[in-house]
Amino acid sequence: MTVLFFLADGFEETELIAPVDILRRAEANVKLVSIEESLEVTGSHGIVIRADIMASDALEMDFEAIVFPGGLKGTERLSNSVWTEKFLKLAIETGAYIAAICAAPTILGKFGLLEGKNFTCYPGMESMIEEGIYNEKSVTCDDVFITGEAMGSSLDFGFKLAYQMFLISF
């Protein structure tokens, strides 16, 4: 299973690292994808992460899931990226899982993907996702959409991704 994690400057570090660690332990082929002009992407707390691949190169890859970590600035950059829209369309076409945590579910809302779907997000951001059905759970899965509430639910989010993709429990 190949999982693409999309990175933009300002991403929330824990919301990236915890799920990546869990999925790699489950032996998923995890690729960190930069939408920036460089493989080096800076998180919201100044931690620099080196992505594996640029978004343009990831277009040629087959994948079973795409994941968007939160972080307000990173979410804004992802939300306005042409790469995000391209990969969301590809994911929908192929039936891949689409996962987002904290502020990032607003990206899915922007593209109308959560209409009639249950979701969670950072408390207060739900008003930006008018067509979805908000709940206050740590992690919510509805069809191919997996959403997480906040940094504190990063481990639960990672476990849910692993469970849904591999049907394994921890």
With the 8 Å Cα cutoff and a minimum separation of six or more residues, the chain has a relative contact order in percent of 22
A chain fully extended from residue 53 to residue 80 at 0.36 nm per residue, minus the present Cα-Cα distance, gains in nm 7.8 nm
With every protein chain kept in place and a 1.4 Å probe, the chain has an accessible area per residue in Å² of 46
Mean-square fluctuation maximum in Gaussian network of the chain, Cα pairs under 10 Å, restricted to 52, 143, 21, hits 143
Rounded to a whole %, the carbon-and-sulfur portion of the accessible area of segment 85-170 at a 1.4 Å probe is 52
Comparing 101, 49, 92 in a Gaussian network model of the chain (Cα, 10 Å), the one with the largest mean-square fluctuation is 92
Rounded to the nearest 5, the percent of DSSP beta bridges in segment 35-138 running antiparallel is 35
Convex hull around the C-alpha positions of segment 68-164: the volume in Å³ per residue is 83
GNM of the chain, Cα pairs under 10 angstrom: of 139, 67, 48, the biggest fluctuation goes to 48
Rounded to one decimal in nm, the spacing of the 7 Å Cα→Cβ label points at residue 94 and residue 128 is 2.7
Simple SL model, points at 7 angstrom along Cα→Cβ for residue 137 and residue 62; separation in nm is 3.0
Options [x] 15.2, 45; [y] 14.0, 37; [z] 16.3, 58 for Rg and Dmax of the Cα atoms in Å; the value derived from the coordinates is listed as [y]
Computed over segment 44-98, the relative contact order (Cα-Cα under 8 Å, seq sep at least six) in percent reads 44
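The values are calculated or read from the model by the stated rules, or taken from the named source; none is laboratory data. Computed from a predicted structure; not experimentally measured. Using ideal geometry, Cβ is built from the backbone for each residue, glycine included, and neighbour counts are taken over all protein chains shown. In case anyone asks, the SASA skips ligands and DNA or RNA and just uses the protein heavy atoms, side chains included. Shrake-Rupley method; radii C 1.70, N 1.55, O 1.52, S 1.80 Å.
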